[in-house]
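Colleague: Questions regarding the structure given below will be posed in turn.
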Amino acid sequence: MDENVPRQITVGLRLRSIDVLTVQEDKQAGMPDQRVLARATELQRVLFSMDDDLLSLAHQRQKEGVAFPGVIYAHPQGIGIGNCVRDLEIIAKASILEDTFNQVQYLPL
């Protein structure tokens, strides 16, 4: 989870037994988006964000052919907390890392 993601989303996913690591828990809070995405790549974890700048960075990596484990993006005003949790749960339970690698997915589904 990127640091701009509401805590309720993280809690909701954990209540559904989804493995979530926040930027804060990983001691990466305040780091530039490029570092956050690099860290997600190191950990081989898909990154969920509501930050337009991180979305742009993911698109830049796609254009340049720089590998990343995937980004899921939701516009902060485009989806409610409950629907966001539901869609993220679906993605987490229905996909494997190879499905998301170098991909940007948008919520709502």
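Each value in this text was obtained by applying a stated rule to the coordinates, not by laboratory testing. Computed from a predicted structure; not experimentally measured. A quick note on method: Cβ atoms are made from the backbone with ideal geometry, for glycine too, and the neighbour counts reach across all protein chains shown.
Colleague: Quick check: net charge around Ser49, other residues with Cβ under 15 Å of its Cβ, Lys/Arg +1 and Asp/Glu -1?
Modeller: -3
Colleague: Could I ask something else about it? Would you be so kind as to identify which of Gly82, Val66, Gln103 lies farthest towards the positive end of the dipole of the stretch 7-107, taking Lys and Arg as +1 and Asp and Glu as -1 on Cβ and the Cα centre as origin?
Modeller: Gly82
Colleague: Within a Cβ distance under 12 Å of Gly80, other residues only, what is the Lys/Arg minus Asp/Glu net charge?
Modeller: Overall, the nearby charge balance is 0.
Colleague: Let me ask you something else. Wrap a convex hull around the Cα atoms of the chain, take a quarter of its surface area, and give that in square nanometres.
Modeller: If you wrap the Cα atoms of the chain in a convex hull and average its projections, you get 6.1 nm².
Colleague: State the extension gain, in nm to one decimal, for the chain segment bounded by Ser56 and Asp26, taking 0.36 nm per residue of separation less the distance between their alpha-carbons.
Modeller: Roughly 8.5 nm would be gained on extension.
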